[in-house]
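Here the structure comes first, spelled out in structure tokens, and everything after it is commentary.
We did not get these values from a lab; they are worked out from the coordinates using the rules stated. Everything quoted here is computed from the prediction, not taken from an experiment. All Cβ positions, even for glycine, are placed from backbone atoms using ideal geometry, and neighbour counts span all protein chains on display.
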Amino acid sequence: MPLSAHYDRKKLTILLAASIAFMVLSLLLTQVKDPYIFATAQVTFLFFVGMTVFVLARFMEKREILHIDENGVFDRRIVDKTIPWSEIDRLREIGKGKMRFISVTATRPTTDYITSGFKRKMMKVNEFVGFHAIGINANSIDVTFDRMVEAFAAFGPKIEKPGEKKDEEKSEEATE
């Protein structure tokens, strides 16, 4: 059964409220006489103004965000083109703290699926902080992670669970 997901307005409302609360707190902290607190508050305020604009842009987004079907996987947040199943080498479930996502390893370079310069830069940041370039999660969308995993399992290759190794890796370890 194909999966189609959009941004979840409830999740975005919580994020927007938190962002506005931190903006207000930052504004209050700019009234302090300590120059270090003042400077930190200004930077924090600017950061949360950016976050607020980012969340408001997502509120306006009406298009489908994540689509998984017999043709492949498409996540507008990460890539600009559908990644066909024939070009997906590996799917892994990865957890970083409480966050879980599906790492998609394609046979072609990741940049082949990304036309946006901003998304390419974010891909490099993701790789730098230890995430995979194409990591698909259920954050801020209207489906659960488990429902997303079901859709991947219905159409794509087997999803490797955390700690599980691919067959080639197992055979390489056995020969060493």
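Amide H contacts under 5 Å for Thr82: none, restricted to partners 5 or more places along the chain or on a different chain, H placed in the peptide plane at 1.01 Å from N. Near Ile65, the amide H atoms lying under 5 Å from its own belong to Ala5, His6, Tyr7; only residues 5 or more places off or on other chains count, and H is placed 1.01 Å from N. Between Arg108 and Ala39, the contour length at 0.36 nm per residue exceeds the Cα-Cα span by 20.3 nm. Sequence-distant or interchain residues sharing an amide H contact under 5 Å with Gly72, placed H: which? Under 5 Å from the amide H of Gly72 lie the amide H atoms of Trp85, each far enough along the sequence or on another chain.
Pairs from the list Lys33/Lys121; Lys33/Lys98; Lys62/Lys98 with a Cα-Cα gap above 31 Å: Lys33/Lys121; Lys33/Lys98.
Of all complete DSSP H helices in the chain, those with a Cα span along the helix axis of 24 Å or greater and a mean Kyte-Doolittle hydropathy of 1.0 or more are 9-29, 35-60.
Among Glu93, Glu70, Glu127, the ranking by other beta carbons within 10 Å of each residue's beta carbon, starting with the fewest, stands as Glu70, Glu127, Glu93.
Determine the calculated [θ] at 222 nm for the chain from helices alone, applying -39500 (n - 2.57) to every DSSP H run no shorter than 4 residues and normalising by the residue count; nearest 500 deg cm²/dmol.
The helix contribution divided over the chain gives -15000 deg cm²/dmol.
Across region 66-171 the C-alpha pair distances fall into 10 Å bins from zero in the proportions 14, 50, 33, 3 percent.
For the pair Arg9 and Leu46, the difference between a 0.36 nm per residue extended length and the Cα-Cα distance amounts to 10.9 nm.
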